Amino acid sequence: MEKKDIDWGNLGFGYMKTDYRYVSNFKNGAWDEGALITDATVSISECACVLQYAQTVFEGMKAYTTEDGRIVTFRPDLNAERMENSARRLQMPVFPKERFVDAVVQTVKANTNVVPPYGSGATLYIRPYMFGTNPVIGVKPADEYQFRVFTTPVGPYFKGGVKPLTIRVCDYDRAAPRGTGHIKAGLNYAMSLYAIVDAHNQGFDENMYLDSATRTKVEETGGANFLFVTKDGKVVTPKSSTILPSITRRSLLHVAKEYLGLEVEEREVFFDEVKDFAEAGLCGTAAVISPVGKIVDHGKEICLPSGMTQMGPVTQKLYDTLTGIQMGRLEAPEGWLKVIE
């Protein structure tokens, strides 16, 4: 399939309509067979459950062109498992893992004309999502649902290179104990919008959320997990039942241990420890790792030794190794790359 005439090197991180998307509907207790369609419009009742009670879950992932010209997605089985868990928590029917992966493959394959070429710095972002569609006026789960997958080519999350971020300790809570912080639901992101806009207005790039029960432990940001590096080179990530289980974070921990021979620790991280770390970063699908240079706690600055000009050395190695795997420059662990054939 001939590539579309797109200025790949100047793409932003935004939505661009592509030719095909996948749609499957749940009705009378079962999912239909699903299909690729060209219509990008979603038509639902004004009283649809998603509009009244935010019954929606989603995933975010990417397709890449590797160095040898293959088109691949990265660990889609883990996205499928995470969406299954998200759906169960919001009383939604599970879209089966095998069908999820197949829907992603079908959608990417149908849109290969907008998968950016290797070396362009761009990728194809993939958004699987599900929502309640039938009218619901009383507070209860929907009876009917729609699962969809669309794609959009995107440029690097940070234009002009990655610069260390300045983040603040947020006064708002991201997730409550025994709440929904561990799933990828739209409602979690809606409640973070006020805090992120306020952070930007105050000159910060992101928020650091602490645990809502004690406000002594590091949780995550509004859309990424934290990763820290100790002064002796150990990679540490916060562990909590209210943190979203980032696929990128889990992959980085494997890379740290198995590829770089680093000691890895997933545990509770107390905010009092942050000043003692050598490096910090935010990890997620969009940017892989975004380095953190400074954390501000109500006027008190914690400046990471890695500085405000570039990634720290360990963070850089982690970034280079994982992106090398995703782009086919390094051998991937078995099952990590799903080739679109």
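A few points about this structure:
- Restricting attention to region 306-320, the residues that are touching a residue at least 60 places away in the same chain (Cβ under 8 Å) and surrounded by fewer than 18 Cβ atoms within 10 Å (Cβ to Cβ) total 4.
- Flag for residue 232 being more than 25 Å from residue 89 (Cβ to Cβ), open to solvent by 20 Å² or more (accessible area, probe 1.4 Å) and out of contact with any strand residue (DSSP E or B) (no Cβ under 9 Å at 6 or more places or on another chain): yes
- Filter result for the condition that a residue is free of Cβ contacts under 8 Å to residues at least 60 places away in the same chain and crowded, with 17+ Cβ neighbours inside 10 Å, over 283, 303: 283
- Condition check for residue 83: outside any helix (DSSP H, G or I) and hydrophobic (A, V, I, L, M, F, W, C): no
- Scanning region 94-143 for residues that are assigned to a loop (DSSP other than H, G, I, E, B) and within 26 Å of residue 1 (Cα to Cα) yields 111, 115, 116, 117, 118, 119, 120, 121, 122.
- Candidates 251, 241, filtered to the one that is of a type in the set (S, T, N, Q) and open to solvent by 20 Å² or more (accessible area, probe 1.4 Å): 241
- Tallying residues that are among the small types (Gly, Ala, Ser) and open to solvent by 50 Å² or more (accessible area, probe 1.4 Å) within region 35-74 yields 2.
- Any hit, region 10-29, residues being open to solvent by 50 Å² or more (accessible area, probe 1.4 Å), farther than 30 Å from residue 138 by Cα, modelled with pLDDT under 95 and in a helix (DSSP H, G or I): yes
- Flag if residue 77 is under 16 Å from the mean Cα position of the chain (by Cα), surrounded by fewer than 20 Cβ atoms within 10 Å (Cβ to Cβ) and of a type outside the set (Val, Ile, Thr): yes
- Among strands (runs of 3 or more DSSP E) entirely within region 222-341, having at least 1 residues that are within 22 Å of residue 118 (Cα to Cα) singles out 279-284, 288-297, 337-339.
- Looking only at region 80-107, residues that are in contact with an Asp or Glu (Cβ under 7 Å, 6 or more places away or on another chain), crowded, with 23+ Cβ neighbours inside 10 Å and β-branched (Val, Ile, Thr) come to 0 in all.
- In region 37-48, the residues that are part of a loop (DSSP other than H, G, I, E, B) form Cβ pairs under 6 Å with partners that are surrounded by 13 or more Cβ atoms within 10 Å (Cβ to Cβ), at six or more places apart or across chains, as follows: 44/133; 45/135; 47/135.
- Failed item in (1) under 19 Å from residue 231 (Cα atoms); (2) open to solvent by 10 Å² or more (accessible area, probe 1.4 Å); (3) in contact with a Ser or Thr (Cβ under 8 Å, 6 or more places away or on another chain); (4) not hydrophobic (A, V, I, L, M, F, W, C), with residue 293 passing the rest: (2)
- Residues satisfying the criterion are absent from region 156-169 (criterion: farther than 23 Å from residue 196 by Cα and not charged (D, E, K, R)).
- A search for C-beta distances below 9 Å between a residue of region 240-263 that is on the phi > 0 side of the Ramachandran plot and any residue that is open to solvent by 40 Å² or more (accessible area, probe 1.4 Å), counting only pairs 6+ apart in sequence or on different chains, returns nothing.
- Single residue of region 201-221 satisfying the filter (buried (at least 21 other Cβ atoms within 10 Å of the Cβ) and in a loop (DSSP other than H, G, I, E, B)) that is farthest from the chain's Cα centre (by Cα): 211
Yes/no matrix, rows are residues, columns are (1) open to solvent by less than 20 Å² (accessible area, probe 1.4 Å); (2) part of a helix (DSSP H, G or I):
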residue: 167; (1), (2): yes, no
residue: 175; (1), (2): yes, no
residue: 182; (1), (2): no, no
residue: 188; (1), (2): yes, yes
residue: 195; (1), (2): yes, yes
residue: 199; (1), (2): yes, yes
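The values are calculated or read from the model by the stated rules, or taken from the named source; none is laboratory data. Keep in mind it's a predicted model, so treat the numbers as computed, not measured. A quick note on method: Cβ atoms are made from the backbone with ideal geometry, for glycine too, and the neighbour counts reach across all protein chains shown. The area values use the complete protein model at the heavy-atom level, side chains included, leaving out ligands, DNA and RNA. Shrake-Rupley method; radii C 1.70, N 1.55, O 1.52, S 1.80 Å.
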